[in-house]
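Notes to accompany the following structure.
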Amino acid sequence: MLVRRAERRLALSDDANPDRRLLRPARVLATIGLALGLLLAVLLALYLARNGLRDIRDTFFAWEHLRDSFPSVRKGFWLNIKLFVVAEALVLVWGLVVVLARLAPGKAAAPVRWLAIAYIDVFRGLPAIVTIYLVGFGLPLTGISFFEDLELFWFGVLALTLIYGAYVAEVYRAGIESVHWSQAAAARSLGLSYSQTMRFVVVPQAVRRVIPPLLNDFIGLQKDTALINVLGLLEGFNRARIYAGNNFNLSSVVGLGICFVVITVPMTRLTDYLVKRDQRRLQAVA
Amino acid sequence: MAFLEISAVEKRFGKNLVLQGVDLNVDEHEVVCVIGASGSGKSTLLRCINGLEAVDAGTITVDNRPVLQDDFALNRLRREVGIVFQNFNLFPHMTVLRNVALGPREVLGLPRAEARERATRLLDRIGLADKAGEYPDRLSGGQQQRVAIARALAMQPKLMLLDEITSALDPELVAEVLEIVRELATEGMTMLLATHEMSFARDIATEVCFLDEGSILEQGPPEQIFTEPANPRTAAFLKRIIAAGRL
């Protein structure tokens, strides 16, 4: 009797809240998953503690190697920083030039538009390392005296600017096209020309909107400065690699990795913050 | 010759013939109200006069100059023709003052100080001098629309086109905007209004046209249109408006 009543009550409560009935298997699954995950983690820890933990530590996190390689890595990383700061400044301008060419109005501007589209297609499609290789080793061979005298650093800047200019042009384009046409109509109806409308009304609004995706591309650019090592520039990765090769230990590379993460994380947080702030503002307007 | 002359204007969007042979003249200091249901082509007509849309047939002349789709002619036209939109379309990234000063500064080439002074005077006139430093999203709809009117006036236009400028406003904010339009009318500004505010139209219009499915069915002084419309479709439209309590 008692059992029966209890069963009935259970059935009733289940019926009363169908969500809970659905939730129960999900919760059971989640518990099993969590338990399995913990078990795996414990087993892995045990295994590493018995066998490889020290090897791993000695290969990647050897303190004396981290310490000894750091002056050289730091010197190299400083070059990475210079590379991306200069490249980012150029990319901001170059991307805008490209997108304005891409969106140039009228029949007469068609060749300009095609050129911009071709540029964007090519440099977004090429692997970064291929572009860097072609720019860094190809241009000096062309016999153009300007390129013969150029320092290696500037080939790196040029390659990164070409690569990221294409991405950033597309980011700008998304921003410009997101500005409602009625804004342009209002500006044109005041008598502003197309270029004045872009300059005073459309681009300022577009740039504000694309700051988060722009910062995202800049994070990519910062990391890709390490690819410049193929040109033989003694930037962070090259120096870390040389140390690693000489000492048969990868701690120097880990040290460089830490440097990159340390400068990237604040950038990521800043992007997150800006995106959130934008969303809040949009909600406030709506 | 009338200041604004519209003759046999046609405009199509795809297969849809939005304006089918519109004729309309507006003399200087006249206030002409275009009434008609939504989708009857009122906005399109105003946008064609300003050159924001190109006509497919017919001609429009403003101050004896035809409205052509070339940039030079259009920019000159737009200095003389101000337009105010239903949705204000203020520039959200500029302060109220800069919104108003932008045209004088960049289009008319006034020195910065002079442009700002003109903007300040206009803001003072619409009673929003204290909002000069604010951004548009801090203003109410009615205030934003008043700023939009000031922005158009800052170009010192000879003709103002008002495109349902109170349709997006909360009812209690309509009066403050219409008050400014009324002032403009008494000062003798030539105006062409597309509007749903029938009592206002009746009040300030020198001439009312009823636009229906892209052509003007009836035109005349407000008293005649509103009290004894000749066309049965005008009568039916007004009946619906009266039933909705808008007249």
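Structure values in brief
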{"quantity": "Simple Cβ-charge dipole of chain A, Lys/Arg +1 and Asp/Glu -1, about Cα centre, in debye nearest 20", "calculated": "1440"}
{"quantity": "Residues with amide H under 5 Å from that of B:Gly58, placed H, sequence gap 5 or more", "calculated": "B:Glu10"}
{"quantity": "Electrostatic dipole magnitude of chain B [Cβ: Lys, Arg +1; Asp, Glu -1; Cα centre; debye, to 20]", "calculated": "680"}
{"quantity": "Spacing of the two label points (7 Å from each Cα toward its C-beta) at A:Val275 and A:Glu151, in nm", "calculated": "3.7"}
{"quantity": "Listed pairs B:Lys11/B:Lys131; B:Lys15/B:Lys158; A:Lys107/A:Lys276; B:Lys131/B:Lys158; A:Lys276/B:Lys42; A:Lys107/A:Lys223 exceeding 31 Å between Cα atoms", "calculated": "B:Lys11/B:Lys131; B:Lys15/B:Lys158; A:Lys107/A:Lys276; A:Lys276/B:Lys42; A:Lys107/A:Lys223"}
{"quantity": "Only Lys, Arg (+1) and Asp, Glu (-1) charged, at Cβ; the protein assembly as shown dipole about Cα centre in debye", "calculated": "2620"}
{"quantity": "Per-peptide average of other Cβ atoms within 10 Å, ordering A:245-251, B:64-70, A:169-175 highest first", "calculated": "A:169-175, A:245-251, B:64-70"}
{"quantity": "Whole-Hz couplings from phi, Karplus 6.51/-1.76/1.60, listed for the range A:37-50; x for Gly and Pro", "calculated": "x, 4, 4, 4, 4, 5, 4, 4, 4, 4, 4, 5, 4, 6"}
{"quantity": "Furthest towards positive pole of dipole, A:Trp114, A:Pro71, A:Val86, structure part the range A:44-127, Cβ charges", "calculated": "A:Trp114"}
{"quantity": "Calculated [θ] (222 nm, deg cm²/dmol) that DSSP helices of n ≥ 4 give over the protein assembly as shown, each run adding -39,500 (n - 2.57)", "calculated": "-19500 deg cm²/dmol"}
{"quantity": "Inter-chain shielding of A:176-188 (mean C-beta neighbours from other protein chains, 10 Å cut-off)", "calculated": "4"}
{"quantity": "Dipole of chain B, positive direction: furthest Cα of B:Val62, B:Asn99, B:Val22, with charges on the beta-carbon", "calculated": "B:Asn99"}
{"quantity": "10 Å Cβ neighbours from other chains, averaged over peptide B:83-91", "calculated": "4"}
{"quantity": "Phi-based couplings in Hz for the range A:258-272 (Karplus 6.51, -1.76, 1.60; Gly and Pro marked x)", "calculated": "4, 4, 4, 4, 4, 7, 7, 4, x, 4, 5, 4, 4, 4, 4"}
{"quantity": "The range B:82-226: C-alpha gyration tensor shape, a/c 1.5 cut-off, then a/b vs b/c", "calculated": "prolate"}
{"quantity": "Unit charges at the beta carbon, dipole of chain B: most positive-side option, B:Ser215, B:Ile149, B:Gly109", "calculated": "B:Gly109"}
{"quantity": "Exercise: per-residue mean of other protein chain Cβ atoms within 10 Å, B:31-39", "calculated": "0"}
{"quantity": "Where the Cα pairs of the protein assembly as shown fall when distances are cut into 20 Å bins, in %", "calculated": "17, 34, 25, 19, 5, 0"}
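Values in this text are rule-based calculations from the coordinates and carry no lab data. Everything quoted here is computed from the prediction, not taken from an experiment. With ideal geometry, Cβ positions are generated from the backbone for all residues, glycine too; neighbour counts draw on all protein chains shown.
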